Amino acid sequence: MNRISSKIMACLALFVVATVSTAFAGATLSTSLVTPPASLAPGQQFTIHVAVTANDTATTPAHAALRFQYDTADVTFISASGDANDGWLGTVDAGAIGAEEVVSGSVVTRDIPTLGNFSNTSLTPDVMDLVFEMTATPASAVDITFEMDPGAASPLIDVTASPITVDATTDTATQGLFPYSSVAEWRQLDY
């Protein structure tokens, strides 16, 4: 009887481990600053990149719908772009970019989807690039954050149009931007 109980417990443990590892499979999307502004003066532009940086689902992403948040007292959204080549989630249609929605004061959100690339073969593709322009010399650090678009039926889908679970969105690389008196001082930190 003891041997049977041990075998049942071992099978149960394997089932639990398999269930837990499957339940937590998902993708991580992250931002990065790829082109800083030449200065912090109004009119200077900078580019932020979004990519799938981890994906343990074994499914290939094809489309993403994201919601960005930023303060219009510091920056103005200029454009978003993607690419139809392999390794990207498709182009961004300017007509599909949502209007700014006020969160509080001058803080807004904007929804931006890709058009999708169902020929993509990369498990960790690039999603899009966003260009922002300094509205004013910031009085404090600039934050540009994002999340999966809560209004999208499936904010991340694979090449078969099935939803992909998103474990995390990481935007720490685009939070606290430009906290120094000049870009030269900020660049010395070597992000």
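The values are calculated or read from the model by the stated rules, or taken from the named source; none is laboratory data. Because the structure is predicted, anything quoted here is derived from the model rather than measured. Backbone-built Cβ (ideal geometry, glycine too); neighbour counts: all protein chains shown.
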Taking the condition of being modelled with pLDDT of 95 or more, on the phi < 0 side of the Ramachandran plot and not in a strand (DSSP E or B), how many residues in the stretch 74-92 meet it? 7
Asp56: crowded, with 16+ Cβ neighbours inside 10 Å and of a type in the set (Asp, Glu), yes or no? no
Working only within the stretch 166-191, note down all residues that are touching a Gly at 6+ places or on another chain (Cβ under 7 Å) and either in a helix (DSSP H, G or I) or modelled with pLDDT under 95 (or both). Asp167
Does Thr114 qualify as being more than 15 Å from Phe146 (Cα to Cα) and at pLDDT 95 or above? no
Among (1) modelled with pLDDT of 95 or more; (2) within 16 Å of Val142 (Cα to Cα) - the single one Ala41 does not satisfy: (1)
Run Ser106 past the list (1) touching a Lys or Arg at 6+ places or on another chain (Cβ under 6 Å); (2) farther than 20 Å from His49 by Cα and report the number of the one that doesn't hold. (1)
Scan the stretch 113-147 for residues that are out of contact with any helix residue (DSSP H, G or I) (no Cβ under 7 Å at 6 or more places or on another chain), part of a strand (DSSP E or B) and under 14 Å from Ile97 (Cα atoms) and report the count. 4
Among the residues of the stretch 132-164, what is the count of those that are among the aliphatic types (A, V, I, L, M) and surrounded by 15 or more Cβ atoms within 10 Å (Cβ to Cβ)? 9
Take the stretch 113-131 and flag every residue that is surrounded by 15 or more Cβ atoms within 10 Å (Cβ to Cβ) and among the hydroxyl-bearing types (Ser, Thr, Tyr). Thr114, Ser122, Thr124
Could you tell me how many of the residues in the stretch 73-85 are more than 18 Å from the chain's Cα centre (by Cα) and not hydrophobic (A, V, I, L, M, F, W, C)? 3
Scan of the stretch 96-112 for residues that are part of a strand (DSSP E or B), closer than 23 Å to Ala84 by Cβ and β-branched (Val, Ile, Thr), ordered by number: Ile112
